[in-house]
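One structure, as structure tokens, below. Some questions next.
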């Protein structure tokens, strides 16, 4: 793990002791073996692994949060509504839902046939 990411996560560990933060850094950033870190901090390897696992969970949560900030969830119905004219034109011209799906896929809109049928049923 790089030092910058570690420091960002460590800032959110308000209730962690300095010792626990140091242990996590030694194992995750400095890549020192857990057994060596355990000896250096007078704790068991199990305690070191618990700290490491808990810190990694915080990293996973942080990464998820960052992704969700950058990426909006894909809303199939919103995508279909924004292409309603084209879908209605294709549908009224006799194109099947599968063909409409293929047309939308050409425009990087990946929806299911079932969702298209649902959309057409609400029109």
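Each reported figure results from applying straightforward, stated rules to the coordinates on display, with no laboratory input. Values in this document were obtained by computation on a predicted structure and should not be read as measured data. With ideal geometry, Cβ positions are generated from the backbone for all residues, glycine too; neighbour counts draw on all protein chains shown.
Using a Gaussian network for the chain with springs between C-alpha atoms less than 10 Å apart, which of these wobbles most: 22, 93, 35?
Of the options given, 93 has the highest mean-square fluctuation.
Determine the principal axes of the Cα atoms in region 3-70, then give the extent along each, sorted from largest to smallest and rounded to whole angstroms.
41, 21, 19 Å, listed from the longest principal axis down.
Same structure again: How large is log10 I(q)/I(0) at q = 0.13, 0.16 Å⁻¹ when the Debye formula is applied to the Cα atoms of region 76-121, each weighted equally and without solvent?
Log10 I(q)/I(0), no solvent term: -0.20, -0.32.
Specify the angular offset, from 0 to 90 degrees and rounded to the nearest 10, of the alpha carbon long axis of helix 97-106 from the longest principal axis of the alpha carbons in the chain.
Long axis of 97-106 versus the principal axis of the chain: about 60 degrees.
Let me ask something else about it. At 7 Å along the Cα-to-beta-carbon direction for both residue 64 and residue 117, put a label point, then send me their distance in nm to one decimal.
Each label point lies 7 Å from its Cα, and together they span 3.3 nm.
Also, quick follow-up: Note down, for the chain, the three equivalent ellipsoid semi-axes (square root of 5 times each alpha carbon gyration tensor eigenvalue), biggest first, whole angstrom.
The answer is 54, 13, 11 Å, longest axis first.
Next question. Under the rule of -39500 (n - 2.57) per DSSP H run of 4 or more residues, summed and divided by the residues of the chain, what mean residue ellipticity at 222 nm is obtained, to the nearest 500 deg cm²/dmol? Numbers along the way, then the final one.
Details: 8 runs with 88 residues, N = 123.
Here the helix-only value at 222 nm equals -21500 deg cm²/dmol.
Nearest 10 degrees, 0 to 90: what angle lies between the long axis of helix 18-28 and the longest principal axis of the chain (Cα atoms)?
70 degrees
Report, in whole Å, the centroid distance computed from the Cα atoms of region 55-111 and region 38-52.
What the calculation gives is 46 Å, centre to centre.
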